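Structure record follows, encoded as structure tokens.
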Amino acid sequence: MTQQRPPHAPMPEKPTLDGLESVWVSRWEAEGTYRFDRSKTRAEIYSIDTPPPTVSGSLHVGHVFSYTHTDIMARYRRMTGKTVFYPIGWDDNGLPTERRVQNVYGVRGDASLPYDPAFVPPDKPGKREIPVSRRNFVELCHKLTEVDEQAFEEVWRRVGLSVDWSLLYTTISDRARAVSQRAFLRNLARGEAYQAEAPTLWDVTDRTAVAQAELEDREWPGAFHRISFYGDQGPVWIETTRPELIPACVALVAHPDDERYKPLFGTSVLTPLFGAEVPILAHRLAEMDKGSGIAMICTFGDITDVTWWRELDLPTRPVLGWDGRLLAEPPAGVEAGPYKELAGKTVHSARERIVEMLRESGDLDGDPRPVRRTVKFYERGDKPLEIVTTRQWYIRNGGRDRELRERMLERGRELVWHPPHMRVRYDNWVEGLAGDWLISRQRFYGVPIPVWFRLDDSGRIRYDEVIAPAEDTLPIDPSSDVPPGYTEEQRGVPGGFTGDPDVMDTWATSSLTPQIAGRWESDPDLFGRVYPMDLRSQAHDIIRTWLFSTVARSHLESGTVPWSDVAISGWILDPDRKKMSKSKGNVVTPMSLLEQHGSDAVRYWAANGRYGVDTAFDAGQLKIGRRLAIKILNASKFVLALGDGGGEVTEPVDLSMLATLGATVGEATQALEAYEHTRAIEAVERFFWAFCDDYLELVKARAYESGPAAASAHAALRQALEVQLRLFAPFLPFVTEEVWSWWRDGSVHLAPWPAADPGPGDPAVLTVASEVLGRVRKAKSEARLSMRAEVSRLTVTGPEAALIRLAQDDLCGAGAVEEFVLEQGAELTVDVLLG
């Protein structure tokens with residue numbers, strides 16, 4: 001049984017922040033403080049679609065930054081009376097995990113190898129990767145992600161995320177794989193998922209297809225080569241950065257308005273070295289002012305080549321293999337002799353060799369001209385992408401369907417964006433879609449495409465005869481499971497079947513996080529209580545991937561948006577204002593910061609970063625946050641040591657302070673309702689420092705006395721402390737829970753959010769009294785006297801004399817004033833005569 005703690009913890013003699021995290025994390029878990037209550041109705045629930053971080057190494061402060069924003073909202077909604085559905089997940093499938101396994105264990109997957117149950121990876125990876133079977137490789141992926149996930153959980157618990165850990169999910173779990181496969185099969189049944197053989201962006205390092213959403217433009221060095229093609233009317237000079245693709249050339253193209261080439265349209269030329277006849281065609285995408293104004297169309301050098309090939313109905317001459325090397329045999333129409341010089345070479349080596357050959361044949365004019373150009377990369381890759389023809393699976397997303405694209409734009413307009421301008425990024429992405437969503441990947445560690453294909457009597461794959469499993473059998477792996485109506489002995493033989501070897505893109509699973517966390521189909525009662533969800537909080541760089549793909553899947557499956565609100569965090573920048581990333585080596589890991597400064601200090605830094613704004617990492621903010629948390633401890637101890645606060649608030653300064661606090665509650669509430677957490681913490685912190693620096697000093701002398709006036713101070717101080725602890729609780733959960741435990745029952749995080757009650761006081765009383773006290777302190781400081789030094793006469797003149805009169809006794813007590821003179825005047829003046 002869980003040991004019951006006493007209703008109130010003893011107030012320590014010397015309060016400290018050290019160790020609060022371990023105490024309260026364990027208590028919250030033991031007492032189920034953040035446990036989701038599924039008996040509540042949908043109207044009583046606030047549900048959150050939490051980003052599952054990629055398990056491929058370590059977290060950095062950028063993760064803590066954005067996840068803290070989500071947690072602030074979760075804690076606030078919980079205090080407003082909502083039951084919060086706040087799951088956490090790990091994105092542990094996909095290419096990042098595979099790469100980490102390759103680096104850590106020194107292995108690579110090879111689908112042709114049999115499973116070795118006795119395989120043990122080396123202690124240290126060698127220079128060459130060891131090939132292992134798919135199953136062995138996947139087992140290593142599971143082993144490594146379990147280690148990483150434990151480290152991730154330790155960080156998130158230390159940060160104080162108020163997630164319900166019993167709702168933890170992983171994107172490679174049986175439940176997640178079943179959800180992902182079920183959604184795919186339904187897409188397939190409705191005609192939204194389809195397979196096609198087409199030009200595909202290809203990462204030659206990882207040997208897998210890459211989707212449009214995963215692309216990244218980078219500057220890359222190259223050189224323009226001026227090369228002659230042979231025509232009846234003389235040489236035609238083209239300029240290209242890809243001379244190694246001349247054997248893949250299928251046409252030359254120029255702009256239809258280019259007078260230089262109008263006479264050549266409809267004629268043909270021969271490619272240098274290889275003698276292939278290619279036509280000269282016109283197309284509007286040709287650039288008259290680029291190079292010589294005429295370009296070669298190769299299959300395929302870049303995206304524009306694909307457009308020309310498709311719109312001009314050209315043949316293909318593929319020369320690049322999946323490994324990034326030129327194929328062993330030349331394409332049709334290309335002379336074999338010269339091509340042998342290039343066969344089997346990498347792109348770089350083939351380029352060097354063909355330049356030598358062109359120079360020897362006299363077809364290269366002058367030396368190559370260096371240039372830096374923008375090329376496509378896989379966002380996690382280190383080599384330019386190539387384009388090869390492959391058979392892949394796609395899901396319709398509006399890239400080839402104008403009507404569907406408009407529906408996706410409408411879905412974006414249904415969402416409430418925080419901040420609003422972030423919707424522009426969504427709109428721009430949808431409007432710029434160049435094709436449907438490519439979801440298949442030629443990798444190992446992922447959710448398998450859940451289909452098989454029939455083999456004809458000669459053993460050829462019939463891609464048009466897809467065999468799908470029943471939904472109640474999911475998840476399945478077609479590489480080891482057998483389709484209905486077949487036996488294992490029929491695998492790979494004529495008249496039998498073969499499983500689809502590919503896995504789904506990681507976003508194809510992550511796009512279903514609301515369905516995975518809400519247990520779609522497996523727990524309809526729960527799903528109905530949490531979906532559509534209330535909030536998706538994420539960074540702006542994955543609007544095009546995670547956010548859009550989730551909207552698309554929800555639209556296709558449910559005909560609705562997956563959430564009502566989306567909150568978009570900015571990036572964390574290093575001191576040079578560059579985005580922190582592992583590849584740049586400029587990341588700051590959070591655990592050392594959490595240990596050094598305390599979790600509340602780190603959360604304070606995060607809370608001061610607004611949604612939609614990139615924020616530079618500033619260790620100085622951590623120090624300010626720690627100072628704030630320590631001040632909360634010390635100020636609370638002072639207040640609670642004065643008395644039980646059972647009296648009535650009657651004094652004008654006390655009433656004024658509570659009125660000001662009521663206005664602060666209203667401002668913070670309004671800000672949090674608008675998802676403006678930074679404005680909320682600024683308002684709360686501004687009041688707190690004024691409370692400590694001004695109000696406490698004003699009433700301290702009275703509070704040490706006895707009688708009704710002292711009782712008024714005691715009651716006001718306790719009321720103010722209780723409200724401020726609740727206001728700070730979403731931002732600084734550890735120190736507020738600690739202080740709350742000294743004198744209040746239960747958890748501050750389950751206490752109701754305070755009401756914005758101004759009461760009968762006039763905020764102006766405290767404002768003007770604080771101003772007068774500040775000038776008294778300044779006079780003592782300039783005279784280099786103690787703040788306790790006596791003031792023989794204090795003369796205050798101003799238009800608010802009546803308000804100052806209400807605070808006269810407190811001003812005299814706080815300033816050690818012997819004689820107080822108050823006069824009406826046009827402006828406030830304070831004359832301090834020191835004793």
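The values are calculated or read from the model by the stated rules, or taken from the named source; none is laboratory data. Quick caveat, the model's predicted, so the values are computed rather than measured. Counting neighbours? That spans all protein chains shown, and the Cβs are built from the backbone with ideal geometry, glycine included. For the accessible areas, the whole protein counts, side chains as well, though only heavy atoms, and no ligand, DNA or RNA atoms are used. Shrake-Rupley method; radii C 1.70, N 1.55, O 1.52, S 1.80 Å.
Using a simple charge model, +1 on the beta-carbon of Lys and Arg, -1 on the beta-carbon of Asp and Glu, nothing else, what dipole does the chain show about its Cα centre, in debye to the nearest 20?
With Lys and Arg at +1 and Asp and Glu at -1, about 780 debye.
Along the Cα→Cβ direction, 7 angstrom out, place labels at Arg413 and Ser781. What is the inter-label distance in nm?
5.6
Using alpha carbons only, how many angstrom separate the centre of segment 197-256 from the centre of segment 670-736?
67
In whole Å, what is the distance between the alpha-carbon centres of segment 562-620 and segment 420-470?
A separation of 35 Å, based on Cα centres.
For segment 411-452, what is Rg from Cα atoms divided by 2.2 N^0.38 Å, rounded to two decimals?
1.76
Just how many % of Cα pairs in segment 289-357 lie over 16 Å apart, if you round to the nearest whole percent?
Summing the P(r) of segment 289-357 above 16 Å gives 57 percent of all pairs.
At 222 nm, what helix-only mean residue ellipticity would the chain give, in deg cm²/dmol to the nearest 500, using -39500 (n - 2.57) for each DSSP H run of four or more?
-12000 deg cm²/dmol
So how much accessible area does His60 have, in Å² to the nearest 10, using a 1.4 Å probe?
The value for His60 is about 30 Å².
Rounded to the nearest 0.05, what FRET efficiency do Tyr115 and Glu360 have when you use their Cβ-Cβ distance and R0 = 51 Å?
FRET efficiency, Tyr115 to Glu360: 0.50.
Please give the peptides 455-465, 204-214, 700-710 ranked by average Cβ packing (other Cβ atoms within 10 Å per residue), highest first, as a rough proxy for protection.
Highest to lowest by the protection proxy: 204-214, 700-710, 455-465.
How do Ser26, Ser268 rank by accessible surface area computed with a 1.4 Å probe, from largest to smallest?
Ser26, Ser268
Per residue, how large is the accessible surface of segment 29-100? Use a 1.4 angstrom probe and give square angstrom.
26
Can you give me the long-range amide H partners of Lys376? Hydrogens built in the peptide plane at 1.01 Å from N, cutoff under 5 Å, separation of 5 or more residues or another chain.
Leu385
Using a/c under 1.5 as the rounded threshold, could you call segment 571-680 rounded, prolate or oblate? The axes a ≥ b ≥ c are square roots of the C-alpha gyration tensor eigenvalues, and prolate needs a/b larger than b/c, oblate otherwise.
Because a/c hits 1.5 or more and a/b fails to exceed b/c, segment 571-680 counts as oblate.
What part of the accessible area of segment 13-59, given as a whole %, is carbon or sulfur when the probe is 1.4 angstrom?
Carbon and sulfur atoms account for 50 percent of the accessible area of segment 13-59.
Report the rotationally averaged projected area of segment 206-293 based on its alpha-carbon convex hull, in square nanometres.
7.6
Using a 7 Å offset from the Cα along the Cα-to-Cβ direction at both Ala789 and Glu277, what is the distance between the two label points in nm, to one decimal?
It is 10.5 nm.
Could you work out how far helix 708-728 tilts from the main Cα principal axis of the chain, as a 0 to 90 degree angle to the nearest 10?
So the helix axis and the longest Cα principal axis differ by about 0 degrees.
Ranked highest first by the average count of other Cβ atoms within 10 Å around their residues, in what order do 332-339, 394-401 fall?
394-401, 332-339
Please report how far the C-alpha centroid of segment 521-557 lies from that of segment 804-822, rounded to the nearest whole angstrom.
Cα centres, segment 521-557 to segment 804-822: 61 Å.
Only Cα pairs under 8 Å and at least 6 apart count here; give the relative contact order of segment 688-835 as a rounded whole percent.
Rounded, it is 24 percent for segment 688-835.
Checking the a/c ratio against 1.5 first, then a/b against b/c, what shape does the Cα gyration tensor give for segment 153-199?
prolate
I need the peptides 594-602, 364-372 ranked by packing, meaning the mean over residues of other C-beta atoms within 10 angstrom, with the highest value on top.
Answer by packing, highest mean first, reads 594-602, 364-372.
Once the whole set of protein chains is in place, how much accessible area is left on Cys692, using a 1.4 Å probe, in Å² to the nearest 10?
10
As an exercise, take the mean of 1/r over every pair of distinct alpha carbons in segment 622-757, invert it, and state the Kirkwood radius in angstroms.
Computed over Cα pairs of segment 622-757, the Kirkwood hydrodynamic radius comes out at 15.1 Å.
Would you mind listing how long segment 1-147 runs along its three principal axes, going by Cα atoms, in whole Å with the largest first?
62, 44, 35
Helix 733-743 against the longest principal axis of the chain: what's the angle in degrees, Cα atoms only, rounded to the nearest 10?
30
Lys/Arg Cβ at +1, Asp/Glu Cβ at -1, dipole of segment 253-379 taken about the Cα centre: which of Leu285, Ala295, Leu327 is farthest positive-ward?
Leu327
Take Met504, Met591 and sort them by solvent-accessible surface of the protein heavy atoms, 1.4 Å probe, largest at the top.
Ranking Met504, Met591 by accessible area, largest first, yields Met591, Met504.
Excluding ligands and nucleic acids, what accessible area in Å² is computed for Thr241 using a 1.4 Å probe, to the nearest 10?
Surface open to solvent at Thr241 totals about 20 Å².
Tell me the label-point distance for the pair Glu44, Glu489, using the 7 Å Cα-to-Cβ offset, in nm and rounded to one decimal.
With each label point 7 Å from Cα toward Cβ, the separation is 6.0 nm.
Under the rule of at least 5 residues apart or a separate chain, name every residue whose amide H is placed under 5 Å from the amide H of Gly275.
For Gly275, no residues qualify.
Wrap a convex hull around the Cα atoms of the chain, take a quarter of its surface area, and give that in square nanometres.
46.9
When a/c reaches 1.5 or more, the comparison of a/b and b/c decides; with that in mind, is segment 730-828 rounded, prolate or oblate per its Cα gyration tensor?
prolate
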